[in-house]
Structure formats: structure tokens, C-alpha cells
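Novice: Let me give you the structure first, and then I'll get to my questions.
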Amino acid sequence: MRALGYMAGAFAAVAAGLQAGKVWDLKGALLVTIVIVAAAITLMGQLFGLWNNLRRRTRATLEQDVRTYLFAMYIKVLEDAKVAPSSLGFAAYELRRRWVWQLPHKGANGKITWPWRRVLSRLDRHRATERIDTSRTVWTPGKGIIGLCVRDGRMIYADVKDLWAPLVGCTPEQWAAADEGTRMGFTHTEFKRRAAKAAVVWAMPIIRDRSNGQPEVIGCVALDGPPGALAKLEPPRAKTQRHLGDASSAIANRLRR
């Protein structure tokens, strides 16, 4: 909109110059139309800029609040599970519709995936320093532990590296024959790209009530730890589920504002 505003202003200036030089004789309805369109586009560009700045400030405040809730969860999990701080990561995702810059392609479920779709948009993330994941995976409902958590609306956790170990080096046919809980919505190509980065992942859905009283999954909170860390996070004494639930409830209330 700003670019259109600049173009409209430039066009109006050129038109005025041409008229002053008697190169272009602007009269009546044409002149009025040019002036009104240029003014309207310029005004819309300015209003869009103001709205965008407000949206950015609102989003920044939201992300800061989410980071506060997640960091409180992180500290509690560290205290109970006795894992190294550098080995534990955390994140929160919000379910949103977004344009993803990918050509339409066939997903792991055999259906065509279109650019405009529901994705898990990251609200905040803290990467474990021992595992820097630089993949550009687009997380969607049904993909990965966090995607399954959102799709099914329930807490899910697994040591993904241990789960995938028997399939390392498998063929596309062998991958397709594996059960859905093992494939987790990944294609064979995505599996090969992520197999070496697999870790323990624990996800809890973020749920809010609709106006009709029915629950709605709007995202998830996730923890990720190094392979083998499930034994420290899973026992009742670790209270991991409760800490994830507390963070999930706090973020759901924040997103409700």
C-alpha cells in the first residue's frame, strides 16, 4: 500500500507537470478522478503503515509475555528433572492460517498441500545450545510431535531418535510402510533430513473455550531434550506434565485478550 501511495503521488505530480507544460490537457472528470484516486491510495498507505506498526508492537508484547511463561516452566522443569540447562529447549506455537512460499506439492498423506494453509506459527523459542536445529520445516497439524499434539488435542511425548532408530537408512517404500505414529506426517525426504537431529520432544496443547463452550486447540507448548532424556522427564517426581500444563493455561489466557 505504501508503494502504491508513492506511485500514485508520483503519477499525480507528473500529470500536474504535464498539464502545466500544456502537454496533457486534464479537464473535468479525468482530473477529479486522478486527484481522488491519488489521495485515497496515499491515505490508505498511511493508515496501513499505522496499523502495521500497532500490530508489531502488540505482537512484540505478546511474545515477551509468552517468553516469561515459558521461562518459568523451563526453570521448574530443570529443578525437578535435574537435566543440564544447555540441553533443554522450549517453544510455544500458535495455530494460524498463513501463506507459505512453497509450490503445491503432495504431502506425506498423499494429498496436495497448498501454499495457503494452517501452520504452527512460532510465538517464542529457546534453542538448546547442544542441539542447534536450522531446518526450515513448516510445522502443520499432524507433522511431528507438536503437530500430532495439536491435531489430536492431547499431550504427546516421545524419544524420536529412539523411535526412528530402526528406520535409519530405510527406503521410501519401507518408510511408507511404517505406521503413522512413527512417520508423524513426515515424507521420506524430510525424515532423512531430520533423523540426525531427532531428540526427546514433549508437547502439550494450548486449548481455549469457544463462545459455544466447546474446547478449541489453538497451539501447543513444547519441550525438547537430548536423546535418552525421557527417563528424567517422565517419572512422576519430575512433574513435567504439570509444568507444561501451567504454561499452556497461561498462554491460552494471554491469547484470549
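Novice: Is it the case that G245 is of a type in the set (G, A, S), open to solvent by 30 Å² or more (accessible area, probe 1.4 Å) and out of contact with any Gly (no Cβ under 6 Å at 6 or more places or on another chain)?
Specialist: no
Novice: For the structure I just gave you, tell me whether T140 is surrounded by 17 or more Cβ atoms within 10 Å (Cβ to Cβ) and farther than 23 Å from S87 by Cβ. If you could, list the steps in order and put the result at the bottom.
Specialist: Values: surrounded by 17 or more Cβ atoms within 10 Å (Cβ to Cβ): yes; farther than 23 Å from S87 by Cβ: yes.
Yes: the conditions hold for T140.
Novice: Select from region 139-166 the residues that are among the hydrophobic types (A, V, I, L, M, F, W, C) and either over 15 Å from W202 (Cβ atoms) or more than 19 Å from the chain's Cα centre (by Cα) (or both) and list them in ascending order.
Specialist: W139, A158, V160, L163, W164, A165
Novice: Which members of region 192-230 meet the condition of being in a strand (DSSP E or B), open to solvent by 30 Å² or more (accessible area, probe 1.4 Å) and either among the charged types (D, E, K, R) or over 16 Å from A247 (Cβ atoms) (or both)?
Specialist: Scanning region 192-230 gives R208, D209, P215, E216, D224.
The values are calculated or read from the model by the stated rules, or taken from the named source; none is laboratory data. Bear in mind that the values here come from a model prediction, so they are computed numbers and not experimental data. Reconstructed Cβ throughout: ideal geometry from the backbone, glycine too, with neighbour counts over all protein chains shown. Surface accessibility is based on the protein's heavy atoms, side chains included, excluding ligands, DNA and RNA. Shrake-Rupley method; radii C 1.70, N 1.55, O 1.52, S 1.80 Å.
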